[in-house]
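Just so it is clear, none of the values below were taken in a lab; they were calculated from the coordinates. Owing to the predicted nature of the structure, the values given are computational and were not obtained by experimental measurement. Glycine also receives a Cβ, built like all others from the backbone with ideal geometry; neighbour counts cover every protein chain displayed.
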Amino acid sequence: MKKAAEKVSKSPAAKKNASAITKESVLKVLKNVIDPEIGMDIVDLGFIYGVDVKGKDVHVRMTLTNPGCPMHSMFTHEVESALKMAFGDVKVNVELVFDPPWTPERMTQDARKKLGIK
């Protein structure tokens, strides 16, 4: 499995935007973090509940399909690594939340279509 940070480091767009950290640029980077069981990015899957940026402090609120997901540490590490690779010296806080619980309705329409969910 190719790590999200490796994809980001090779992305000229990420390096170009490294000086301007915005919610949109964070979400763009997080589209490189792929759920290995589903094969889709965590943004389209609806795992990202919120992004707050204050200077070089980035706070990401995210969820997983269920609180007992054994991949939680992998996801938080991937998110942190991808953002640090893209933006350099940033402080990243990844907060896992499960309220409200994740449901397929949180996915983008395109993601639901690809997975055969109406």
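Points to keep in mind about this one:
- Protection proxy ranking, highest mean first, for peptides 26-39, 62-75, 92-105: 26-39, 62-75, 92-105, where packing is the per-residue count of other beta-carbon atoms within 10 Å, averaged.
- Label point 7 Å beyond Cα of residue 89 along Cβ direction - residues of region 30-70 with amide nitrogen under 20 Å: 53-59
- Inter-label distance, nm, simple model (7 Å from Cα along the C-beta direction), residue 23/residue 74: 3.0 nm
- Applying the Karplus relation 6.51 cos²θ - 1.76 cosθ + 1.60 with θ = phi - 60° to region 22-34 yields 3J(HN,Hα) values of 10, 4, 5, 5, 5, 4, 4, 5, 5, 5, 8, 8, 9 Hz, where x marks Gly and Pro.
- For region 19-118, with +1 on Lys and Arg beta carbons and -1 on Asp and Glu, the positive-most of 71, 43, 90 along the dipole: 43
- The listed peptides 52-59, 109-116, ordered by packing as a protection proxy, come out as 52-59, 109-116 (highest mean of other Cβ atoms within 10 Å first).
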